[in-house]
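One structure is given below, encoded as structure tokens.
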Amino acid sequence: MTVLGARPQFVKAAAISRVIRNLYDGQVEEVVIHTGQHYDNNMSRVFFDELEMPAARHNLAISGGYHGAMTGRMLEAVESQLIKELPDWVLVYGDTNSTLAGALAASKLHIPVAHVESGLRSFDKRMPEEINRILVDHISTLLFCPTETAVANLKAEGVTDGVYNVGDVMFDVALFVKEKARSQSNILKLYDLTTKQFGLATCHRAENTDDPARLTEILKGLATVAQHIKLILPLHPRTREFIRHYGLAQHLTGIVVTEPLPYLDMVALEQAAKLILTDSGGVQKEAFFYGVPCLTMRDQTEWVETTQAGTNILVGASMKAILDGFEKLQSGRWEYVNKGQPYGNGNASENIMQRIVQYART
Ligand code: UD1
């Protein structure tokens, strides 16, 4: 049983579902439970359609509210589904409240949990995602790490059993969608964008959106960049709400603001962008996969390989650091060090399924 609920999980789960369909047909049955955490069509359904992901058997329709309440409601509802379906395994992805609810419900029923994207750490426990990651990693049976750094993080916490560096499922996805996005998306035309002559920005992390000082700095930084280069900003509902709440809409002047975008459009933009500015983990990595310079608007990153390779620079929530990074790019001083491919060979999904099936048979 796959338990998911938030946008990045649909992308990752699609890679594994494809392997189950193609290589384990008749041997493994996958049942998908959608918690409902993300519910807008363009935050959820469009991802299932574009990535050929099997429809969820149940949607629990749980979203919004404080984190504790959201997670608690999910825990109860996922537990009911587990009792009904009695799966042999539960698969969870990443670090959202849906991940925690799925893993916790399963472990209480002694159903083994496989955690995909295990071992990532920001070392900042104020982030809800960090708490979710730590807890899920400590109750999972199989821990599928995307990198050696993740394996080392787990080791430092005393977690070594069932830990495997399988590579990053997001890299599998990037290889799958790269051409598809180029040929099927018409987003560049729609917004009159020319390849390598525009910037792409996203911002949704709670530590940025919920803090008016940080959000103002970020928006001011983006607005200044937009004076020099066309800048497109697909706006997450969380960010839209906080911009309204804090009265910051004037900073969006000059920026091309859109609704959250379908995945193929997003990937088409990422590949064609001259620069990406983001606080998303997935987008940072996609920038790396597509060789696009990225300014990450956070104080730390779980994806340290991207900063080591030089595609990614951490700029925090500082207008000055954003502008320094932009100036570095414009003046040709951006240095990229090719450090090989730290995220595996594009077969993480196969590795994961192989391990689960092997484990289940022993
Ligand atoms: C969640 C994850 C975050 C992940 C992100 C990807 C947690 C703690 N956070 O953050 O790690 O990077 O998803 O996007 O699980 N909303 C809508 N429509 C939707 C979805 C959400 O309007 O389709 C609204 C919600 O009602 C809420 C706000 O957006 O007011 C934030 O949603 P929430 O699910 O709490 O967290 P995210 O910020 O999306």
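General remarks:
- All positions within the stretch 293-319 that are without any contact (Cβ under 8 Å) to a residue 24 or more places away in the chain and surrounded by fewer than 22 Cβ atoms within 10 Å (Cβ to Cβ): Thr307, Ile313, Leu314, Gly316
- Verdict on Leu193 being hydrophobic (A, V, I, L, M, F, W, C), surrounded by fewer than 24 Cβ atoms within 10 Å (Cβ to Cβ), touching a residue at least 12 places away in the same chain (Cβ under 8 Å) and assigned to a helix (DSSP H, G or I): no
- Residue check for Ala61: part of a helix (DSSP H, G or I), more than 24 Å from Pro234 (Cβ to Cβ) and within 16 Å of the ligand (Cβ to nearest atom): no
- When Thr209, Thr202 are screened for being within 16 Å of the ligand (Cβ to nearest atom), buried (at least 16 other Cβ atoms within 10 Å of the Cβ) and either closer than 16 Å to Leu269 by Cβ or among the small types (Gly, Ala, Ser) (or both), only Thr202 passes.
- Residues within the stretch 212-258 that are under 18 Å from Met43 (Cβ atoms) and crowded, with 19+ Cβ neighbours inside 10 Å, tallied: 8
- Answer from Val136, Val173 - the residue that is within 18 Å of the chain's Cα centre (by Cα) and farther than 21 Å from Ala287 by Cβ: Val136
- Summed over the stretch 100-122, residues that are assigned to a loop (DSSP other than H, G, I, E, B) and within 18 Å of the chain's Cα centre (by Cα) total 6.
- Every condition in (1) touching a residue at least 40 places away in the same chain (Cβ under 8 Å); (2) buried (at least 18 other Cβ atoms within 10 Å of the Cβ); (3) away from the ligand (no atom under 16 Å from the Cβ) is met by Cys145 except one, and the failing one is (1).
Any read-out appearing in this document is the output of simple, stated calculations on the displayed coordinates, not a laboratory observation. Predicted model, so just to flag it, every value in this text is computed and none were measured. A quick note on method: Cβ atoms are made from the backbone with ideal geometry, for glycine too, and the neighbour counts reach across all protein chains shown.
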